[in-house]
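Input: a single structure, listed below in structure tokens.
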Amino acid sequence: MTDLRHHGDVDAEPGLADFAVNVRGSAPPAWLRERLVAAVDRLGTYPSAADDRRAREAVAARHGRDPDEVLILNGAAEGFALLPVLRPRLAALPHPSFTEPEVALRDADIPVHRVFDGNVPDDADLVVVGNPNNPTSELRPAGEIARLARPGRVLVVDEAFMDAVPGERESLAGAGLPGLLVLRSLTKTWALPGLRAGYALGAPDLLRRLGRHRPHWPVGTLALEAVAACSAPHAVAEAERVAVELAGHREWLTAELNRLPGVDVFQPAAAPYLLLRVRDGERVRAGLRDRGLAVRRGDTFPGLTPDHLRVAVREPARCHGLLTALAELTREVLTQ
């Protein structure tokens, strides 16, 4: 059975060069670290309504929304965990895609329909899509996704990697579609997996429904500080610079991978990772691990196989070892 709870950090064992986890860098940038360190002195009191308001105002200004259209989350993953409170009759989940929404919904005994052909059932009153998609790295047109919205349906768009797309083209974060819920993560771009920080964007009544059973102080002081800091204009500008640089790295890595025999790269790609298909993928993945390299297995995504591997995009200097090892392993497989 597919392990829907599998995450890339399981593949990235200690001591391995990490191409499995889609987090940029190993620590927050200095300016963000300074903001977080300064906020430590406020940990002696509960997070205040003013802290939450300040974070929501920063996000609202960043996306041209009203603060009441923002719900701060402990990472975008918390947004998926909250979905069952909406009590949908049928949830439609296009695959292959990020599996945490399906886990949360199935654990709450909510019927789930997996969509592999693009045809979302008309009676689905909850639809969850990722843009860019994880694991394929595909960026779908905003208009195409918006057409999934309809009266009586909640359309959840997971934009966890949208800030890694130059210009955030195809984002629906500023859209006011009825029933639209956009989830954003700050974890990947700003190296915050040990803190978790994100937010949801949507109509105030939908956000109230989503958060109605959360405990008091659901988001800690440091996460609120991180959201406010990473939504500031200088941070948004820095993320854009990083996204442009990343696009260049991805283009270079794609070209290098396409030169390898027996390696197929899913294209077009727009996220900080690439989906590969190689012959005898389990053997190749094990061989990479033996050579000190971790990549994300693909068969835990519904619709993919053991021959699928997801590879995080890194700067070229860090990729040469991966490319050399892949070339050796795929050549071995093809000659046997």
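The values are calculated or read from the model by the stated rules, or taken from the named source; none is laboratory data. Just so it is clear, the structure is predicted and the values come from calculations on it, not from any experiment. Backbone-built Cβ (ideal geometry, glycine too); neighbour counts: all protein chains shown.
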Those residues that are touching a residue at least 24 places away in the same chain (Cβ under 8 Å) and hydrophobic (A, V, I, L, M, F, W, C), I need them from segment 260-274; list them, please.
LEU260, VAL263, PHE266, ALA269, ALA270, ALA271, LEU274
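Here's the yes/no breakdown for (1) closer than 27 Å to GLU245 by Cα; (2) over 19 Å from the mean Cα position of the chain (by Cα):
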| site | (1), (2) |
| --- | --- |
| GLU168 | yes, no |
| GLY176 | no, yes |
| LEU180 | no, no |
| THR187 | yes, no |
| TYR199 | yes, no |
| ARG208 | no, yes |
| THR221 | no, yes |
Would you pick out the residues in segment 277-291 that are surrounded by fewer than 21 Cβ atoms within 10 Å (Cβ to Cβ) and closer than 13 Å to LEU323 by Cα?
GLY287, ARG291
ALA160: in contact (Cβ under 8 Å) with a residue 40 or more places away in the chain and among the hydrophobic types (A, V, I, L, M, F, W, C), yes or no?
yes
From the list GLU245, GLU251, GLU315, which one is modelled with pLDDT of 95 or more, closer than 20 Å to VAL21 by Cα and touching a His at 6+ places or on another chain (Cβ under 8 Å)?
GLU315
Inter-residue pairs, beta-carbon under 7 Å, first within 18 Å of GLN267 (Cα to Cα) and in the same structural domain as LEU148 (by TED's automatic domain parsing) and in segment 121-135, second part of a loop (DSSP other than H, G, I, E, B) and among the hydroxyl-bearing types (Ser, Thr, Tyr), 6+ apart
GLY130/SER97; ASN133/SER97; ASN134/SER97
Which listed residue is closer than 29 Å to THR99 by Cα and among the hydroxyl-bearing types (Ser, Thr, Tyr), from SER48, SER26:
SER26
Any pair with Cβ under 9 angstrom, 6 or more apart, that starts in segment 66-77 at a residue that is on the phi > 0 side of the Ramachandran plot and assigned by TED's automatic domain parsing to the domain that holds LEU206 and ends at one that is charged (D, E, K, R) and not in a strand (DSSP E or B):
GLY75/ARG196
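Yes/no per residue for (1) modelled with pLDDT of 90 or more; (2) in the same structural domain as LEU192 (by TED's automatic domain parsing); (3) not β-branched (Val, Ile, Thr):
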site: ALA12; (1), (2), (3): no, no, yes
site: GLY15; (1), (2), (3): yes, no, yes
site: ASP18; (1), (2), (3): yes, no, yes
site: GLU34; (1), (2), (3): yes, yes, yes
site: VAL37; (1), (2), (3): yes, yes, no
site: VAL40; (1), (2), (3): yes, yes, no
site: TYR46; (1), (2), (3): yes, yes, yes
What residue, of PRO268, PRO272, PRO261, is under 20 Å from the mean Cα position of the chain (by Cα), surrounded by fewer than 17 Cβ atoms within 10 Å (Cβ to Cβ) and assigned by TED's automatic domain parsing to the domain that holds ALA312?
PRO268
The lone exception for GLU238 - which of (1) surrounded by 15 or more Cβ atoms within 10 Å (Cβ to Cβ); (2) under 26 Å from ARG33 (Cβ atoms); (3) under 17 Å from the mean Cα position of the chain (by Cα) it fails:
(3)
Do we have any residue at all in segment 39-49 that's in contact with a strand residue (DSSP E or B) (Cβ under 9 Å, 6 or more places away or on another chain) and buried (at least 19 other Cβ atoms within 10 Å of the Cβ)?
no
Within segment 206-229, residues within 18 Å of ARG184 (Cβ to Cβ) and free of Cβ contacts under 8 Å to residues at least 40 places away in the same chain come out as none
Can you confirm whether segment 125-132 contains a residue that is surrounded by 16 or more Cβ atoms within 10 Å (Cβ to Cβ), out of contact with any helix residue (DSSP H, G or I) (no Cβ under 7 Å at 6 or more places or on another chain), assigned to a loop (DSSP other than H, G, I, E, B) and on the phi > 0 side of the Ramachandran plot?
no
What's the number of the condition TRP252 fails, among (1) over 14 Å from LEU71 (Cβ atoms); (2) touching a strand residue (DSSP E or B) at 6+ places or on another chain (Cβ under 8 Å)?
(2)
With the first residue restricted to segment 168-193 and required to be under 30 Å from GLU34 (Cβ atoms), and the second required to be of a type in the set (S, T, N, Q), Cβ contacts under 7 Å at 6 or more apart or on different chains are LYS188/ASN22; ALA191/SER26; PRO193/THR187
Residue set ALA164, ALA149, ALA191; condition hydrophobic (A, V, I, L, M, F, W, C), surrounded by fewer than 18 Cβ atoms within 10 Å (Cβ to Cβ) and not assigned by TED's automatic domain parsing to the domain that holds LEU304; output residue ALA149
